[in-house]
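None of the figures in this text is laboratory data; all of them are computed from the coordinates on show. Since we're looking at a predicted model, the values are computed, not measured. So basically every Cβ, Gly included, is an ideal-geometry build from the backbone, and we count neighbours across all protein chains shown.
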Amino acid sequence: VAILVDERSRVLVQGLEGREGAHHVERMLAAGTRVVAGVQPGKAGEDIQNVPIFDTVFDAVAQTAADVWLAFVPARFAKTAALEAADAGVRLLVLATQGIPVRDAVELVAELDRYGMDEMRRRGLGQRSGNGRRAGFERPVARNASERVPRVRLVGPGSPGLVTPGRCHVGFMAADMFRAGRVGVVSRSGTLTCEIAARLTRAGIGQSTCIGLGGDPVCGLGFVECLELFEADEQTDAVMLVGEIGGDDEQRAAYAAEQMTKPVVAYVAGFAAPPAKRLGHAGAIVSGGAGTAGAKAEAFAAAGIVVARRPDEIPGLVAAALSARAAGDGALGPA
Amino acid sequence: MRHMDLFEWQGKRLLESVGIPVPRGAVVHNVAEAAQVAAAVGFPVVVKAQVLAEGRGKAGGVRVAGGRREIDAVAGHIMGLQIGGHAVRSLLIEELLRVRQEIYLAVTLDRCERRPLLLLSGDGGTALEEVVQRRPEALLTVPLDPLLDPTVAVHDGAMHAVTRIAETSGQGAGLREALLDLATQVYRLYRDRDATLVELSPLALVDDDASGGQGRRVAGRHSGPSLRHTDGAPLRLLALDVKVSIDGNALFRQRDLAAWRSDEDDRERRARNAQVSYVTLDGDIGVIGSGAGLAMSTVDAIAAAGGRAANFCDIGGGARAEQIAAALHVVATDPRVRVLLINVFAGIADGLEVARGLVAGLGRLDAARAAAEAALPIAQAHLAGREVADGAGEMARPPIVVRLDGSNATSGRRLLLTERPEVATVETPLEAVERVVALARKSLVDTLPPVLSADA
């Protein structure tokens, strides 16, 4: 089944206009993606690469049953556009736009969380969890991935897209980098996602799904949920995780990866990055040093997760993880 | 885009705009102005260096001037300081107040929890971080619901925290109400002005004497019980210092704040105008990468190979021709750059398009160099080595190594080889990094005096 997108996904594109937009739509179609609709206000009735265009997301979803929204709308309209898509019933939002104000991203993820919580309450799912580090962050957390199906998921902002090779390409990553297989890739970086997928492909290691989460300070989908989805996915045998400096999503991922039966290999970029220039006490107090590449690599190492030092080490480490798993579900493999 | 830090005087203007009291005073740019403002404020005054750097107090950037005779010397001295690598170009002259207690109050983005966070502490001093390490309970944190109105969000979450601070400081309901109002106004400012940090450090309880009292109340609306010191002296709350950072991506809707932008060097501004992300580092290898992760990974690889990057420059995964040209112009004209590494993985862009962009960018660089040569024949005659001024740097281009891989990269590399044979074109980042580190070493040796280079 892969995760998040597959050959049944019906993709709606918004903000992909002009020659370049047509080029990306063409690339997605050529890669086997079902691009079913485009949205360009005032252009209803026209088409891009024979994909019908609608005035609004509501019209597009009503007429084509689109269930994945890919958008490259200007930063200042991105929050409103994403909420419209959620209101129209789309449950997977892929926001490629970069440079969205932090306030908009914060409000957007809070609104979308609420969609999910309402739905889970209606279905009587979820539990109170002490997941947050500080008191007051209780929110229902699904006990497993399948409980979360109704949630509205936001990938991005700043996502390069998601690829289930050969079945569904959403976004801007070139299809020839990928090959169908059994390794999940999840990354906070755009080009590194392509580079690492291409390295795996050249080494004969195919991918189940590759996800570019986007590198903004505030993003929707994070590593932990992706790891849960990969753990539950029958077509994934191992996960390659690509982290970056900033935030603490890698530390949370290290904890989640420790609970998994499938092997995870990690890489973190930014060891030589200078410490962020930061005014005042608040930043240091809130993050407590979790944002550095060193702290993240340590967290992975402490959780028993293999950490690649350079991108070129990745294929070898992933191959080793796969064969160890094949030899006896990891636990019985060579130390 | 990165955030934009505001000077203290700018932050205080924002506080005043939402009714949060600050000491009386004004910003000045020279000693004569300082004396004028000090006389108007009334001695003694505090003279505070306006720099975007930590450790201002320790560096001697905050001093009291007791009278007319002292102000010229104090202001002149501080104006001549370098604090954290920043020259002091302006001063804030303020009334001296008698501080009874210092409180810490800040709102910042908690990116891990993806929402704003209110921080409060009864220990408002400069050693807050150490205090919090020793006694974590000294800091109270209140997550703020981003979907609620600030008044509701703060009153919903912060009641317990402000009550505790008011009680430990012996002030009770008066301070509690004042802090609630103040926290609300700070969060409203944070939200409405797209800040990523508003930090009052400290927020101070000061003597409310006739000179500064003027009947002003916290947030302009507070009408609860008054604040008094244990000896009965009336007190008031005001922000002695403030740090504000504004989200660089939101400046399109904060145009008045965008006009305050000053915290960047010339290269950083040129890069920003071309929508290229650029950060100055302290090495000698120029780095241009397609995408932030790839550029960071390149800087890491250079460090691991024993080299040092002069900058971090991300032209974006799309690697468009204009961005490549702009990045080349910014990085290749940096006199510190001995060799330039361009690392592009064409995953989003097409490799051939990237190569075309590189050729066009190099062409523009050559044209700029030719124009500079034509305009400056004398300066050219004086050119010696790479120790040249920024303008002359346009003429001496460092050697360039391009790593181009990815979609349609073979055609891209072929085009580069034909059009730009002097540029070293390689396929793997490892090879590229080894080359530039070796070239940077060689260039360093070449510029050393002969005896030393024979040694090396």
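The table below gives the values:
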| read-out | value |
| --- | --- |
| Coil-residue trypsin sites (Lys or Arg not before Pro) of the range A:7-110, DSSP, other Cβ within 10 Å capped at 10 | A:ARG8 |
| FRET E, pair B:SER169, A:TYR115, Förster distance 45 Å, beta-carbon r, rounded to 0.05 | 0.60 |
| Packing rank of B:433-444, B:45-56, A:236-247, where each peptide gets the mean count of other beta carbons within 10 Å, highest leading | A:236-247, B:45-56, B:433-444 |
| Charge sum, other residues only, whose C-beta stays under 14 Å from B:ALA38's C-beta, Lys/Arg counted +1 and Asp/Glu -1 | 0 |
| Highest-fluctuation residue, A:GLY158, A:GLY304, A:GLY280 considered, GNM on chain A with Cα pairs under 10 Å | A:GLY280 |
| 10 Å Cβ neighbours from other chains, averaged over peptide A:193-201 | 5 |
| Lys pairs under 27 Å by Cα in the protein assembly as shown, provided they are eight or more residues apart or on distinct chains | 13 |
| The protein assembly as shown - charge dipole about Cα centre, Lys and Arg +1 at Cβ, Asp and Glu -1, debye rounded to 20 | 400 |
| Percentage relative contact order, chain B, counting C-alpha pairs under 8 Å, at least six apart | 12 |
| Linear extension gain, B:LYS58 paired with B:ALA374, 0.36 nm per residue minus alpha-carbon span | 108.8 nm |
| The range B:103-159: GluC sites (Glu not before Pro) in DSSP coil with no more than 14 other Cβ atoms inside 10 Å | none |
| Gyration tensor (alpha-carbon) shape descriptor, the range B:158-213, a/c threshold 1.5 | oblate |
| Bins of 10 Å from zero: percent of alpha-carbon pairs in the range B:223-313 | 12, 28, 21, 15, 9, 11, 3 |
| Förster-model FRET efficiency, 45 Å R0, B:ALA87 and B:SER226, C-beta, rounded to 0.05 | 0.55 |
| Given charges at Cβ of Lys, Arg, Asp, Glu: the range A:239-322 dipole, positive-most of A:ALA269, A:LEU279, A:LEU322 | A:LEU279 |
| Label-point gap, in nm, between B:GLU130 and A:GLN235 - each point 7 angstrom along Cα→Cβ | 5.8 |
| Dipole-positive endmost among B:GLY122, B:LEU147, B:LEU200 within the range B:119-213 (Cβ charges, Cα centre) | B:LEU147 |
| Equivalent ellipsoid semi-axes - Cα gyration tensor, the protein assembly as shown, angstrom | 46, 37, 24 |
| Built amide H within the under 5 Å cut-off of B:ARG228, gap 5+ | B:LEU235 |
| Where N is the number of residues in the range B:304-362, Cα Rg divided by 2.2 N^0.38 Å | 1.15 |
| 10 °C / 1.306 mPa s Stokes-Einstein diffusion coefficient of chain A, Kirkwood radius on C-alpha pairs, µm²/s | 78 |
| Positive minus negative residues near A:LYS43 (Lys, Arg vs Asp, Glu; Cβ under 11 Å) | -4 |
| Percent RCO, i.e. relative contact order, over the range B:283-334, from Cα pairs under 8 Å lying at least 6 residues apart | 43 |
| Computed [θ] at 222 nm, helices only, for the protein assembly as shown once each DSSP H run of length n ≥ 4 contributes -39500 (n - 2.57) | -12000 deg cm²/dmol |
| Debye, to nearest 20: dipole size of the range B:264-361, +1 on Lys, Arg Cβ, -1 on Asp, Glu Cβ | 140 |
| Farthest toward positive dipole pole in the protein assembly as shown [+1 Lys/Arg, -1 Asp/Glu at C-beta], among B:GLY61, B:ALA438, A:GLY288 | B:GLY61 |
| Size-normalised alpha-carbon gyration radius of chain B, reference 2.2 N^0.38 Å | 1.22 |
| Two-decimal Rg/Rh across the range A:1-93, once Rg and the Kirkwood Rh are taken from alpha-carbon atoms | 0.93 |
| Loop-resident sites, the range B:1-51, for GluC sites (Glu not before Pro), counting at most 15 other Cβ within 10 Å (DSSP) | none |
| Gaussian network model of chain A, springs between alpha carbon atoms under 10 Å - residue of A:GLY15, A:GLY316, A:GLY166 with greatest fluctuation | A:GLY316 |
| Residue-span extension gain [A:MET260 to A:GLU46] - 0.36 nm each, minus C-alpha spacing | 72.3 nm |
| Cubic angstrom per residue, convex hull over Cα atoms of the range B:1-148 | 153 |
| Simple Cβ-charge dipole of the range B:128-195, Lys/Arg +1 and Asp/Glu -1, about Cα centre, in debye nearest 20 | 140 |
| Cβ-defined net charge surrounding B:LEU417, 14 Å radius [Lys, Arg +1; Asp, Glu -1] | +2 |
| For the range A:222-335: relative contact order, % (alpha-carbon pairs under 8 angstrom, 6 or more apart) | 30 |
